[in-house]
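Enquirer: Got a structure here, written out as structure tokens. Questions coming.
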Amino acid sequence: MQDFTFYNPVKVVFGKGSIKQLGTLVPSGVKILMTYGGGSIKQNGVYDQVRESLSERPVMEFGGIQPNPRYETLMKAVEICRRESIEFLLSVGGGSVLDGTKFIALATYYAADDPWDILAKCAPAEKALPIGCVMTLPATGSEMNMMSVISRDSTQEKLAFGNPAVFPQFSILDPETTLSLSIRQTRNGVVDAFVHVMEQYMTYPVDAALQDRQSEGLLMALLDEGPRVVNAPLNTAARANIMWVAAQALNGLIACGVPQDWTTHMIGHELTAFYGLDHAQTLAVVMPAVWWHQKKEKAGKLEQYAERVLKLHPSEDTAGQAISKTEEFFRSLGVNTRLSEYGIGSERFEEIGSRFEQRGIKLGEHGNIGRKEVVKILNLCR
Ligand code: NZQ
Ligand code: ZN
């Protein structure tokens, strides 16, 4: 196992009716800005629950944060925070609202010219407004981590940052809030959580016995509970399981002491930036292709996954079987696994590959995936 430091300060309040606890979770006497998305929280009753729980408190609102939250929109909230001397941000919605809120939290205090540099140039930013979260979409794990992914329309970019200052102080996870999710977002959530585990698991063995078993447990729960929730969206027990798995899939725990990949996510972000595909739609297309391309390098872990998670009998090509079965799992949930199914051709593959070269980034746990390899992987996605 490799050396590591583990830190996760997020207080999780899980369960039906837990939004009632907001009143005690948000520090008293602070000026609050509540952030939200396109209006789902007004349709499913979450907005009313939040307002009721904070009834006597001074709360301003900032709505309209888009899926794949846009820098251009978030900067309007930054202006409000500065002008109104906001002291606490309350994110109510999915991963996009929370990621956007994390950016607002840092950008408000960012003294240099353009807060976009936090993403584009990894510019240092230490101070952030404190954040609380009511998560309504289990998928990203943002509710329990310090990551954020922001898109910029003017440059067609989608970039990530991580900063310990933006860990939410608390996250309320009430599975009942997820009953209103569309089938598309429900599927997306299962796929995103599954791929998060894989980015931290499907690399090469380092004798990390506990972390491997933890990851395998999460994968097995998703293989069981994913179809359950897709087939019976009103099943609260299945919703609860998915909600807890998604939070655990990217809260730092299974990353302890193991190599990580993240090639699928990095290429996926480019596909969202150029074509607007949902985050999870890109992942279901790219991950099998990354695995085919890196089959030799990942053989040890692919075989372990085949045996322990998929319960496949060893064959001449166990690794290949594991890849095919995983693609079948995505398809069984109703998620496409080929770019052609979205009407996307190879026109921009070279441009995507070049972007990584321009940024000086090599992908993968071995750092062996550069421009040429990205183009090859994209060709395997067709
Ligand atoms: O905007 P509203 O009206 O709220 O509707 C949203 C949105 O249209 C809707 N929704 C959310 N909760 C709902 C609901 N609809 C009905 N009932 C509910 N309970 O769902 C739509 C999608 O929401 P969004 O927040 O965009 O989805 P998700 O949570 O999957 O977030 C995706 C974003 O997170 C980033 C992605 O790149 C993408 O930008 N990621 C963030 C990560 C992180 N912070 O650690 C890691 C991930 O890998 C990912 O990259
Ligand atoms: Zn993801």
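The values are calculated or read from the model by the stated rules, or taken from the named source; none is laboratory data. Treat the numbers as computed from the prediction; the structure is a model and nothing was measured. In this analysis, Cβ positions are derived from the backbone assuming ideal geometry, glycine residues included, and neighbour counts consider all displayed protein chains. Keep in mind that these areas ignore ligands, DNA and RNA; they rest on the heavy atoms of the full protein, side chains included. Shrake-Rupley method; radii C 1.70, N 1.55, O 1.52, S 1.80 Å.
Enquirer: Given the condition among the polar types (S, T, N, Q) and within 15 Å of ligand 2 (Cβ to nearest atom), answer yes or no: does some residue in region 159-167 qualify? So that I can check it myself, show each step before the final result.
Expert: Just the residues of region 159-167 that are among the polar types (S, T, N, Q), to begin with: 163.
Now restrict to residues that are within 15 Å of ligand 2 (Cβ to nearest atom): none.
Checked region 159-167: no residue is among the polar types (S, T, N, Q) and within 15 Å of ligand 2 (Cβ to nearest atom).
Enquirer: For region 161-170, enumerate the residues that are out of contact with any Gly (no Cβ under 6 Å at 6 or more places or on another chain), of a type in the set (A, V, I, L, M, F, W, C) and not in a loop (DSSP other than H, G, I, E, B).
Expert: Within region 161-170, Phe161, Ala165, Val166 meet the criteria.
Enquirer: Pick from Asn8, Asn68: which is within 17 Å of Pro168 (Cβ to Cβ) and not small (Gly, Ala, Ser)?
Expert: Values: Asn68 fails: within 17 Å of Pro168 (Cβ to Cβ).
Asn8 is the lone residue from the list that is within 17 Å of Pro168 (Cβ to Cβ) and not small (Gly, Ala, Ser).
Enquirer: Please identify the pairs in which a residue from region 161-185 that is at pLDDT 95 or above and open to solvent by 20 Å² or more (accessible area, probe 1.4 Å) has its Cβ atom under 9 Å from the Cβ atom of a residue that is basic (Lys, Arg) and not in a helix (DSSP H, G or I), counting only partners at least 6 apart or on another chain.
Expert: Close Cβ pairs satisfying both conditions: Ala165/Lys127; Gln169/Lys11; Glu176/Lys16.
Enquirer: Follow-up question, since we're still on this one. Would you call Leu277 among the hydrophobic types (A, V, I, L, M, F, W, C), under 20 Å from Gly353 (Cα atoms), part of a helix (DSSP H, G or I) and within 15 Å of the chain's Cα centre (by Cα)? Break it down stepwise before answering.
Expert: Values: among the hydrophobic types (A, V, I, L, M, F, W, C): yes; under 20 Å from Gly353 (Cα atoms): yes; part of a helix (DSSP H, G or I): no; within 15 Å of the chain's Cα centre (by Cα): yes.
The answer is no for Leu277.
Enquirer: Has region 196-210 got any residue that is touching a Gly at 6+ places or on another chain (Cβ under 9 Å), open to solvent by less than 10 Å² (accessible area, probe 1.4 Å), more than 10 Å from ligand 1 (Cβ to nearest atom) and touching a residue at least 40 places away in the same chain (Cβ under 8 Å)?
Expert: Taking every residue of region 196-210 in turn, at least one turns out to be touching a Gly at 6+ places or on another chain (Cβ under 9 Å), open to solvent by less than 10 Å² (accessible area, probe 1.4 Å), more than 10 Å from ligand 1 (Cβ to nearest atom) and touching a residue at least 40 places away in the same chain (Cβ under 8 Å).
Enquirer: Right, something else. If I go through region 121-160 residue by residue, how many of them are outside any loop (DSSP other than H, G, I, E, B) and surrounded by fewer than 16 Cβ atoms within 10 Å (Cβ to Cβ)? Walk me through it before giving the result.
Expert: First, pick out the residues of region 121-160 that are outside any loop (DSSP other than H, G, I, E, B): 131-135, 142-144, 147-155, 157-160.
Okay, now just the ones that are also surrounded by fewer than 16 Cβ atoms within 10 Å (Cβ to Cβ), so 153-155, 160.
Counting residues in region 121-160 that are outside any loop (DSSP other than H, G, I, E, B) and surrounded by fewer than 16 Cβ atoms within 10 Å (Cβ to Cβ) gives 4.
Enquirer: Can you name every residue in region 328-382 that is of a type in the set (Val, Ile, Thr), in contact with a Ser or Thr (Cβ under 9 Å, 6 or more places away or on another chain) and outside any helix (DSSP H, G or I)? Can you show your working first?
Expert: Let us first name the residues in region 328-382 that are of a type in the set (Val, Ile, Thr), namely 335, 337, 344, 352, 361, 369, 374-375, 377.
Still in the list and also in contact with a Ser or Thr (Cβ under 9 Å, 6 or more places away or on another chain): 369, 374-375, 377.
The answer is Ile369, and nothing else.
Enquirer: Name every residue in region 272-298 that is among the hydrophobic types (A, V, I, L, M, F, W, C) and either within 11 Å of ligand 1 (Cβ to nearest atom) or open to solvent by 30 Å² or more (accessible area, probe 1.4 Å) (or both), in order of residue number.
Expert: Of region 272-298, the ones among the hydrophobic types (A, V, I, L, M, F, W, C) are 273-274, 277, 280, 283-287, 289-292.
Passing the criteria: Ala273, Leu277, Ala280, Leu283, Trp292.
Enquirer: Looking at (1) within 9 Å of ligand 1 (Cβ to nearest atom); (2) under 18 Å from the mean Cα position of the chain (by Cα), find the lone condition where Leu179 falls short.
Expert: (2)
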